[in-house]
Each structure stands twice: as structure tokens, then as C-alpha cells.
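Derivation of every value follows stated rules applied to the coordinates shown; laboratory data play no part. Computed from a predicted model, the values in this text were never measured in an experiment. In this analysis, Cβ positions are derived from the backbone assuming ideal geometry, glycine residues included, and neighbour counts consider all displayed protein chains.
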Amino acid sequence: MNENSDATMRSPAAARQWLGHPAQLARLFSIEMWERFGFYGMRALLTLYLTKHFVLGDHAATGIYGGYTALVYLTPLAGGLVADQYLGSKRSVKFGALMMAAGYFALAFGGQAAQPWVEFDGVRHAVTVEHFIDRPTSAPDERRVLMVQGQPNQIHGNDDGSIDLVAPDGHVSRHLAAGSTKDGATREEWRVALMLLALSAVAVGNGFFKPNISTMVGALYAVGDRRRDAGFTIFYMGINLGSAIGQVVAPFLADRFGWGAGFGSAAAVMLLAWGMLRFDGGRLAGYGETPARAGSDHAWRIYGLALLAIPLFYLLFANLMETPAPVAGAGLGGYLLGLPLMGKLLCGTFVIAVPGILLWSWRAGSRVEFQMMVAAMVLITFNTVFWSLFEQAGSSLTLFADRNTNLSFLGLFTLSAPQTQQFNSLAIIVLAPVLGMVWGWLGKRGWEPSIPVKFAMGLIGVGGGFLFLVLGAHFVGPDFKVGLLWLAGLYVIHSIAELCLSPVGLSMITKLAIARIVGLMMGAWYLAMAMGEYGAGLLAQLATVKTVGGEVTNLKLSLEIYTTTYWQIGWASVMVGLVLLAISPLLKRLMHGVT
């Protein structure tokens with residue numbers, strides 16, 4: 001929905017204030033807070049659900065996670081366009097909320113846990129899990145036992161990747177060389193299909209919800225209103241308040257009552273978010289309404305097409321699971337051809353959308369508008385690198401927390417692995433107003449960094465967070481587990497980096513985009529995030545740890561794999577940030593005074 005059309009339909013409620021901002025911000029803040037509860041509560045559980053309940057293995061699980069989060073941020077490109085041209089932001093958000101609630105509810109029906117097995121010498125052997133609890137947090141005495149000729153064998157991993165099978169009397173009954181085994185699990189295939197359909201429904205719903213709730217926030221402010229950045233920062237605090245609550249409550253419920261309770265809580269709060277918008281008492285009248293130029297009502301056709309997208313996304317997930325990793329040494333062309341359909345779709349969409357939008361801007365806009373759009377697109381492109389690293393939180397960092405982190409907080413209490421993700425949200429809540437005051441103090445003196453410099457600071461910061469965690473790995477004990485405060489420190493550093501980039505980026509889009517395509521540009525912002533999310537899945541696969549029956553057999557080896565990966569991607573992000581810092585003066589000129 002574009003700002004100018006909204007500006008003609010203001011309600012009398014627009015005069016009311018909340019924290020010095022339009023009163024409608026309070027309701028949008030709350031709606032987004034509950035939506036983020038659902039999204040991040042489910043996100044906290046997803047990778048562990050795939051690796052522990054479905055026993056998919058790190059490579060497959062992080063690939064699905066990356067594909068799912070990529071679709072979550074790809075669909076806003078269509079959702080923003082549909083809202084701009086046909087539905088309006090308000091109806092789009094309501095439909096998206098219902099779709100996401102349905103997806104979360106479907107995830108609650110995972111059935112019985114998969115039964116793992118290991119195959120070697122052409123024979124498949126069952127893996128029995130002693131003291132097994134089908135929850136995010138494994139029982140302290142949980143052990144995998146491999147049954148060979150009716151005899152239980154403990155599984156011990158060696159530093160070189162080989163495996164020793166230890167008989168009950170303590171002797172090594174069999175040594176299995178690295179790469180000589182194949183592991184998997186027996187699953188109810190229809191449950192796997194239901195899980196993938198559920199993820200597809202959430203992705204479709206998020207496409208309608210995410211860009212348009214942000215567009216409605218932007219529509220609260222007139223062009224040139226200097227409160228806009230602060231308004232988006234407050235809105236961003238709502239995002240993180242909801243995610244912090246979700247990342248505590250959903251894992252707690254899943255640990256206490258089962259996976260279904262965790263996912264069910266996400267569905268419940270999405271229905272609450274829908275209700276707050278559907279029954280708003282007229283508070284949001286005039287914001288996000290159906291555009292007058294839409295003509296006849298196409299809503300039900302659009303809803304039908306959205307439902308048809310669910311089986312299409314399911315096929316993308318199925319292809320993602322079946323496509324082998326690209327062959328090493330095949331070159332860039334071979335790598336791109338070897339990507340699953342989802343990877344090709346994302347790369348192709350990005351390559352077409354970015355120059356396509358710029359070409360339209362060159363033809364339809366003024367010289368200044370075109371240059372501002374160029375600056376926006378450059379920053380959008382750098383945005384992909386940031387999210388590739390930042391979104392390790394829900395995949396490899398969650399697995400790292402589960403396997404190689406001492407989750408005791410100063411001996412006072414213990415977190416579960418998915419609950420460690422809340423450090424990011426809590427840090428945002430605490431630091432967002434502080435950083436807002438810092439930007440304000442610097443702005444009064446003419447020292448506030450430009451938007452490109454803030455983006456560069458975000459890239460350097462997200463890389464620095466990984467390097468901080470690697471430093472902490474030098475102080476592990478014989479259990480090869482990093483102290484929780486080191487992981488918390490990574491999240492704090494990442495939160496500062498996020499505050500330099502993400503809320504600034506949302507505001508930047510509404511400032512630099514040509515007004516009549518602001519929804520489409522918000523979609524382009526999320527398209528770049530989709531590229532980053534897919535890249536996050538690929539990076540997480542670099543940190544794949546070999547498991548047997550879902551269990552890591554050598555914590556020393558897994559720690560080395562994680563820290564090596566984090567060292568490499570951390571320095572890569574720092575270097576990319578320095579490149580952006582070097583070209584920031586040029587980008588600032590193209591922005592023509594936008595700050």
C-alpha cells in the first residue's frame with residue numbers, strides 16, 4: 001500500500017499519541033509482537049525437531065531450515081505487490097495470520113519419533129536409544145546403543161571420524177573406518193510430508209503478513225517526519241519482545257508436554273494477532289485499506305492462488321531433500337546447475353528483480369529518484385551477506401548450544417538449547433533504546449553515521465560475534481563445552497550489529513523507494529533476506545557434524561568443526577563490511593540527503 005493513498009484516508013484517531021508517536025503504532029506493535037512469538041518460538045524448535053524427532057541428520061536438517069527461512073522471506077516479494085495493487089495491507093496481514101496459524105497447528109502432529117539405524121557391510125543394524133525422551137532437551141543419561149547380532153554396543157567416535165563399537169565387557173568389538181557407515185531412520189513418510197506442507201503454509205502466510213505490517217507502520221508517518229526511524233525502532237522492539245517470549249515459552253512447553261505443545265502455542269498466538277487486527281474497533285481505519293485503483297475485488301482468487309502455492313512449495317522442499325551436494329571443482333557454473341530448484345529459483349528471481357526494478361525506476365522516475373533506488377539496491381545486496389551469518393542462530397548455533405555448550409548460567413539455572421536464542425531478543429530490547437539515544441546524540445552534533453556506514457558496522461559486527469565465540473572455545477575443559485556466557489556474548493554482539501542494519505534497513509526502504517512501489521521495494525528487501533537465509537543454510541551445512549542415530553559421538557571433533565567454520569565466515573564478513581565502508585561516501589551522495 002503506498003503512502004500517498006493512505007494519506008488521503010486518515011481517521012480522527014490519527015491525532016492520538018503513544019510514546020510520542022501515532023496511537024496506531026501501539027496496536028501494530030502488539031500484533032507484530034504476537035506474530036513474532038509464533039515465528040521465533042517455532043524457529044527455536046525447528047532444527048532440533050528435524051534432527052531429534054525426525055532424525056534427519058545435520059546436512060538435511062540445516063538445508064530444510066535454510067530453504068524454509070528463504071521461502072519465508074521470498075514470498076513477501078509477491079505479498080507486497082499483491083497488497084499494493086489489489087488487497088491492501090490490512091487484508092493481506094489478516095489472511096497471512098490465518099495461514100501461519102494453520103501451518104503451526106499442522107506441525108504439532110509429528111507422530112512417533114523416527115527409529116534410527118546404521119548400515120555397514122551391507123547390513124542395516126537398529127539403533128536403540130536408552131532413556132529416550134522425545135523432547136528438545138535430551139535426558140542426561142540418554143545413550144545410543146547399536147545392536148549387532150543381538151548384542152548391544154556403545155558407540156564411540158574417534159578424532160579421525162572413525163567409530164569404535166564397544167561391547168558390554170568394555171572391549172572394542174568392531175572398528176569402523178570413517179566413511180564406511182551409512183545412517184538413517186525409519187519414519188512415517190506421511191508425517192514428513194505433513195511437516196513440509198506445514199512449513200509451506202507458514203511461508204505463504206508470512207509472505208502476506210510480513211511486508212505489509214511494516215508498510216502499515218511506515219504509512220503512519222508523513223513524508224519528512226523525523227519520528228519515522230524512532231517509530232521503526234519501537235516497532236522493532238515489539239518484534240524482539242515477542243520473539244524473546246516465544247523463545248522461552250515454546251521450548252518450555254515442548255520440553256514439558258511435547259513438541260505439539262510448543263508448536264501449538266505458536267498457532268494460538270497467531271490467532272490472537274489475527275483477532276487484534278480483525279476486531280480493532282476502528283483504530284486502524286484508513287490505514288492499509290484496499291487501493292481505490294484495484295477495481296473489482298480479486299481477493300478470493302488471490303487466496304485460492306495462495307493455497308495452490310502450498311503444494312508447489314512442498315515440491316521445492318522434496319527436491320531440496322533429494323538433490324545431492326554440488327560436486328567440488330565443477331566451477332561456478334557447475335555449482336549453480338547443481339543447486340536444487342529452490343536455489344535456482346532464488347538466484348534467478350534476485351538476478352531478474354534487482355535490475356528489473358532499477359530499469360523501471362530509470363524509465364518512470366526522475367534522476368534523483370533513480371539514484372536513490374540504486375543506493376537502496378546496493379544496500380539490499382549487502383544485506384544478503386549479513387543474514388547468511390546472522391541466521392546461523394536457528395540452525396548451526398542451536399546445534400552448537402545443544403552439543404558443545406555448557407548451558408548452566410553461573411550455576412544459578414540451566415537453559416535449554418533452543419532457549420539460548422532469546423539472548424538476541426533480550427539484548428535488542430535492552431540496547432535498542434540505548435542505541436537510539438546514541439544516534440540521537442550524534443545526530444544533534446552532525447556526527448551520526450550514514451545509513452551505508454551503519455550497514456558496514458552491522459557486517460563487521462556479525463563477523464566479530466563469531467570470532468568472539470571462537471575465542472571462547474580456547475578455554476573449554478575436558479568436556480569440550482564452551483561456557484554459556486561466550487555464546488551469550490556472541491548474541492549480544494550480533495544484536496548490536498542487527499540494530500545497526502535491520503531497523504535502519506526497513507526505514508531506509510520507505511525513505512528511498514519511489515512512493516508508488518514502496519510495497520514492492522519492501523518485498524525486494526525481503527527477497528535479499530531470502531537469499532541470505534538460503535545462504536545461511538549452505539553455511540550451516542559447512543558445519544555439519546557426523547552423527548550416529550542422531551547422536552554426536554565425538555564432542556572434540558564437533559567443536560573443531562564448528563570453530564573452524566565460524567572462524568572462516570567471521571573473517572569473511574569483516575572483510576565484506578570493510579568493502580562497504582570504503583564505498584559508503586559514494587552511496588551517501590546517491591541518497592541525496594536521506595538520513
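Using a 7 Å offset from Cα along Cα-Cβ at ALA582, what residues in region 446-481 end up with backbone N under 18 Å from the label point?
Flagged as within label range: 452-461.
Taking amide H positions as placed 1.01 Å from N in the peptide plane, with prolines and chain starts having none, which residues 5 or more places from VAL548, or on another chain, fall under 5 Å of its amide H?
THR553
Taking 0.36 nm per residue of sequence separation and subtracting the Cα-Cα distance, how much length would be gained by fully extending the chain between ARG16 and TRP360, in nm to one decimal? It would help to have the intermediate numbers written out before the result.
Values: separation 344, 0.36 × 344 = 123.84 nm, distance 3.83 nm.
Length difference between fully extended and current span is 120.0 nm.
Mind checking the angle between helix 484-512 and the chain's longest principal axis? C-alpha axes, 0 to 90 degrees, to the nearest 10.
Roughly 30 degrees between the two axes.
Pull up all non-local amide H partners of ASN406: gap of 5 or more, or a different chain, and H-to-H distance under 5 Å with H placed in the peptide plane.
Amide H to amide H, under 5 Å and 5 or more residues apart or across chains, ASN406 pairs with VAL482, GLY483, LEU484.
Regarding region 422-490, what are the three Cα extents along the principal axes, ordered largest first, in Å?
Taking the Cα atoms of region 422-490, the three principal extents are 52, 22, 16 Å.
List the residues whose amide H sits under 5 Å from the amide H of HIS125, counting only those 5 or more places along or on another chain, with H placed 1.01 Å from N in the peptide plane.
Distant-sequence amide H within range of HIS125: VAL118, GLU119, PHE120.
What list of ³J(HN,Hα) values in whole Hz, one per residue of region 81-90 in order, does the Karplus curve 6.51 cos²θ - 1.76 cosθ + 1.60 (θ = phi - 60°) give from phi, with Gly and Pro shown as x?
3J(HN,Hα) across region 81-90, in whole Hz: 5, 4, 5, 4, 9, 10, 7, x, 5, 5.
Starting from region 429-524, pick out the trypsin sites (Lys or Arg not before Pro) whose DSSP state is loop and whose Cβ has at most 11 other Cβ atoms within 10 Å.
ARG445
Multiply the residue gap between GLU189 and ASP134 by 0.36 nm, knock off their C-alpha separation, and tell me the result in nm, one decimal place.
Between GLU189 and ASP134, full extension yields 18.0 nm more.
Expressed as a fraction of 2.2 N^0.38 Å, the rule-of-thumb size for a compact globular protein of N residues, what is the C-alpha radius of gyration of region 115-186?
Taking N as the residue count of region 115-186, the ratio is 1.11.
With every atom except the alpha carbons ignored, what do you get for Rg and Dmax of the chain, in angstroms?
24.3, 81
Applying the Karplus parametrisation 6.51 cos²θ - 1.76 cosθ + 1.60 with θ = phi - 60° to the phi angles of region 118-131, what ³J(HN,Hα) value in whole Hz is obtained for each residue in order, glycine and proline being reported as x?
10, 10, 8, 6, x, 10, 8, 10, 6, 10, 9, 9, 6, 6
Angle check, please: helix 341-364 long axis (alpha carbons) against the longest principal axis of the chain (alpha carbons), in degrees 0 to 90, nearest 10.
For helix 341-364, the angle is close to 10 degrees.
What is the helix-to-structure angle for 228-257, meaning the angle in degrees between its Cα long axis and the longest Cα principal axis of the chain, kept from 0 to 90 and rounded to the nearest 10?
Helix 228-257 sits at roughly 30 degrees to that axis.
List residues of region 454-491, by number, whose backbone nitrogen lies under 20 Å from a label position 7 Å along Cα→C-beta of HIS156.
Counting backbone N atoms under 20 Å from the label point, the list is 478-481.
Please turn the phi angles of region 40-55 into ³J(HN,Hα) values with the Karplus equation 6.51 cos²θ - 1.76 cosθ + 1.60 (θ = phi - 60°), one per residue in order, whole Hz, x for glycine and proline.
Those phi angles translate into 7, x, 5, 4, 4, 8, 4, 5, 5, 4, 6, 7, 9, 7, 8, 6 Hz.
Which entries of LYS210/LYS588; LYS90/LYS454; LYS90/LYS344; LYS94/LYS344; LYS511/LYS588 show an alpha-carbon separation above 24 angstrom in the structure shown?
Those over the limit are LYS210/LYS588; LYS90/LYS454; LYS90/LYS344; LYS94/LYS344.
For all pairs of alpha-carbon atoms in region 514-562, what percent lies in each bin of width 10 Å, listed from the first bin to the last filled one?
In order of increasing distance, the bins hold 23, 27, 20, 16, 11, 4 percent.
Can you list the lysines whose alpha carbon is less than 18 Å from that of LYS546, not counting same-chain residues fewer than 8 positions off?
Within the straight-line cut-off, LYS546 pairs with LYS52, LYS182, LYS481, LYS556.
If you restrict to DSSP beta bridges whose two residues both lie in the chain, what percentage is antiparallel, to the nearest 5? It would help to have the intermediate numbers written out before the result.
On the way: 31 of 33 bridges.
Roughly 95 percent of the DSSP beta bridges within the chain come out antiparallel.
Suppose every K and R has +1 on its Cβ and every D and E has -1 on its Cβ; what is the size of the dipole of region 115-186 about the Cα centre, in Debye to the nearest 20?
Numbers: 6 positive and 11 negative charges, 39 e Å.
For region 115-186, the charge dipole is close to 180 debye.
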